[in-house]
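*Asks:* I am attaching a structure below and will ask some questions about it afterwards.
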Amino acid sequence: MKFGIFSFVTDEGIRPDALARGVEERGFDSLFVGEHSHIPADRQSPYPAGGELPPFYYRMYDPFVALTAAASVTSTLLLGTGVALLAQRDPIQTAKEVATLDHFSGGRVLFGVGAGWNLEEMRDHGTDPETRGRLLDERLDAMKELWTAEEATFHGEFTNFDRAVAWPKPVRQPYPPIYVGGNSRFAARRAHRHGGVWMPNSVGVPEAVPPLMALRDEFAPGTPVSMFTVGSKNRALLDAYAGAGVEGITFLLGMYPEAGTLSRLDNLAKIVEEYR
């Protein structure tokens with residue numbers, strides 16, 4: 001298996017460049033960072049994990065700027081968005097950002113996307129929550145066209161452009177791997193449709209792993225699975241993931257100052273040694 005780290009990088013925690021250096025030095029394969037453009041003050045959408053929305057959601061860095069800082073101090077670490085909220089983003093501009101980061105990092109981008117959960121945030125971007133799934137799929141298709149065609153043309157339900165010339169092209173051909181977040185059959189099917197990796201959030205107990213893989217087999221046959229936001233304390237769950245043949249595990253790392261973060265990375269590295 002491949003092992004990565006996911007962290008909410010904010011202005012109150014470890015800098016993304018220091019975090020990336022620490023992750024790479026400890027032998028992890030990848031670093032994923034999250035995205036929220038803003039949090040509406042009158043938010044009504046419930047936090048998916050339950051309870052109050054943690055304060056760091058309000059302070060997250062832009063993922064592409066943070067990953068550029070990470071790329072500048074690393075050489076092998078894969079750099080992932082976990083996840084970019086593409087239904088809230090302009091696809092032409094985002095295609096440029098992804099390709100630029102991939103070019104700058106020498107082909108190390110993993111493009112993680114998700115439909116999102118914060119309905120008020122989407123609406124502020126002009127996105128109708130009812131159509132965000134179709135919108136996400138279409139924007140991915142438009143971005144693929146921009147990444148691969150000398151002159152890209154795209155006409156869809158939401159996105160339209162003629163003879164667009166967009167450079168640089170991604171270093172990774174034909175484009176960076178697409179990781180689709182979400183635990184639903186729609187997310188699994190989306191990963192399969194785009195030839196990518198399904199990246200569901202970690203389940204709570206080992207007994208939930210077989211049903212999750214059965215969902216993959218039904219809606220995304222043959223699609224690789226990489227588990228996201230995995231806790232490190234449940235070794236039986238890690239064993240279940242390994243036994244199920246998942247491609248990767250991305251550990252959830254809390255938001256801490258530099259010293260505390262590096263200490264926690266040391267502990268996670270010891271766990272990884274058992275599986276390598």
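The values are calculated or read from the model by the stated rules, or taken from the named source; none is laboratory data. Computed from a prediction, not measured in an experiment: that's the story for all the values here. Here the Cβ is made from the backbone with ideal geometry for all residues, glycine too, and neighbour counts use every protein chain on show. All accessible areas refer to the heavy atoms of the entire protein, side chains included, with ligands and DNA or RNA removed. Shrake-Rupley method; radii C 1.70, N 1.55, O 1.52, S 1.80 Å.
*Asks:* At 7 Å along the Cα-to-beta-carbon direction for both Glu273 and Phe158, put a label point, then send me their distance in nm to one decimal.
*Replies:* In this crude label model, Glu273 to Phe158 measures out at 4.7 nm.
*Asks:* Compute the Rg/Rh shape ratio of the chain: radius of gyration over Kirkwood radius, all on alpha-carbon atoms.
*Replies:* Rounded to two decimals, Rg over Rh is 0.95.
*Asks:* Of the residues Ala41, Ala236, Ala99, which exhibits the maximal mean-square fluctuation in a Gaussian network model of the chain defined by a 10 Å Cα contact cut-off?
*Replies:* Of Ala41, Ala236, Ala99, the most mobile in the Gaussian network model is Ala41.
*Asks:* Treating the beta-carbon of each Lys and Arg as +1 and of each Asp and Glu as -1, no other charges, what is the dipole magnitude of the chain about its Cα centre, to the nearest 20 debye?
*Replies:* In total the dipole reaches around 520 debye.
*Asks:* Provide the solvent-accessible area of Met60, counting protein heavy atoms only and rolling a 1.4 Å probe, rounded to the nearest 10 Å².
*Replies:* Looks like 30 Å² after rounding.
*Asks:* Turning to a different aspect of this structure: Starting with the highest mean, order 128-136, 165-173 by the number of other Cβ atoms within 10 Å, averaged over the residues of each peptide.
*Replies:* Averaged packing, sorted descending, gives the order 128-136, 165-173.
*Asks:* First obtain the Kirkwood hydrodynamic radius of segment 46-188 from its Cα pairs, then insert it into the Stokes-Einstein equation at 25 °C and 0.890 mPa s, and state the resulting D in µm² per second as a whole number.
*Replies:* Approximately 153 µm²/s, per Stokes-Einstein.
*Asks:* Over the heavy atoms of Asp217, what accessible area does a 1.4 Å probe trace out, to the nearest 10 Å²?
*Replies:* 90
*Asks:* Treat each spin label as a single point 7 Å out from the Cα along the C-beta direction, and report the Glu52 to Ala214 distance in nm.
*Replies:* Label at Glu52, label at Ala214, 3.9 nm between them.
*Asks:* Which residue fluctuates the most in the chain, going by a Gaussian network model with Cα springs under 10 Å, if the choices are Leu53, Leu140, Leu79?
*Replies:* Leu53
*Asks:* Once each part is reduced to its C-alpha centroid, what is the distance from segment 42-58 to segment 152-225 in angstrom?
*Replies:* For segment 42-58 versus segment 152-225, the Cα centre distance is 25 Å.
*Asks:* How about Lys2: which aspartates and glutamates have a C-alpha closer than 18 Å to its C-alpha, ignoring those fewer than 8 places off in the same chain?
*Replies:* Glu24, Glu25, Asp29, Asp239, Glu247, Asp266, Glu273, Glu274
*Asks:* In whole Å, what three semi-axes, largest first, describe the equivalent ellipsoid of segment 1-105 built from its Cα gyration tensor (square root of 5 times each eigenvalue)?
*Replies:* 24, 18, 12
*Asks:* At 222 nm, what value in deg cm²/dmol follows for the chain if DSSP H runs of at least 4 each add -39500 (n - 2.57) and the sum is divided by all its residues, to the nearest 500?
*Replies:* Roughly -11500 deg cm²/dmol at 222 nm, from the helical runs in the chain.
*Asks:* Could you work out how much longer the chain between Glu207 and Asp62 gets when fully extended? Use 0.36 nm per residue separation minus the Cα distance between them, nm to one decimal.
*Replies:* Additional length available on full extension: 48.6 nm.
*Asks:* Along the charge dipole of segment 117-276, pointing to its positive end and built from +1/-1 on Cβ of Lys, Arg, Asp and Glu, which listed residue (Leu237, Leu119, Leu135) has its Cα farthest out?
*Replies:* It is Leu237.
*Asks:* Where a Cα-Cα gap under 20 Å defines reach, which lysines qualify for Lys96, not counting those fewer than 8 residues away within the same chain?
*Replies:* Lys144, Lys169
*Asks:* For segment 94-141, what does the convex hull of the Cα positions come to per residue, in cubic angstrom?
*Replies:* Each residue corresponds to 88 Å³ of Cα convex hull volume.
*Asks:* Let me check something: with ligands and nucleic acids excluded, how do Tyr256, Tyr47, Tyr58 order by accessible area (1.4 Å probe), largest to smallest?
*Replies:* Tyr58, Tyr256, Tyr47
*Asks:* Let me ask another. Only four residue types carry charge here, +1 at the Cβ of Lys and Arg and -1 at the Cβ of Asp and Glu. Report the dipole size of segment 197-254 about the Cα centre in Debye, rounded to the nearest 20.
*Replies:* 200
*Asks:* With θ set to phi - 60° and the Karplus curve 6.51 cos²θ - 1.76 cosθ + 1.60, what are the ³J(HN,Hα) couplings of segment 235-250 in order, to the nearest whole Hz, using x for Gly and Pro?
*Replies:* 5, 4, 5, 4, 4, 5, 4, 4, x, 7, x, 5, 6, x, 10, 10
*Asks:* Taking every DSSP beta bridge that has both residues in the chain, what percent is antiparallel when rounded to the nearest 5?
*Replies:* 10
*Asks:* Still on this structure, please answer the following. Residue by residue through segment 92-107, which ³J(HN,Hα) values in whole Hz follow from phi under the Karplus form 6.51 cos²θ - 1.76 cosθ + 1.60 (θ = phi - 60°), with glycine and proline marked x?
*Replies:* My calculation for segment 92-107 gives 5, 5, 5, 4, 5, 5, 5, 5, 5, 5, 5, 5, 5, 8, x, x Hz in order.
*Asks:* Hey, got the dipole for segment 33-108? About the Cα centre, +1 on K and R Cβ, -1 on D and E Cβ, debye to the nearest 20?
*Replies:* So the magnitude is around 100 debye.
*Asks:* When only C-alpha pairs under 8 Å and at least 6 residues apart count, what is the relative contact order of the chain, in percent?
*Replies:* 22
*Asks:* With a 1.4 Å probe and every protein chain kept in, tell me what percent of the accessible surface of segment 134-276 is carbon plus sulfur.
*Replies:* 52
*Asks:* Please report the orientation-averaged projected area of segment 186-276, defined via the convex hull of its C-alpha atoms, in nm².
*Replies:* For segment 186-276, averaging the hull's shadow over all directions gives 6.4 nm².
*Asks:* By DSSP, what percent of the beta bridges with both residues in segment 1-125 are antiparallel, rounded to the nearest 5?
*Replies:* If I count the DSSP bridges inside segment 1-125, around 10 percent turn out antiparallel.
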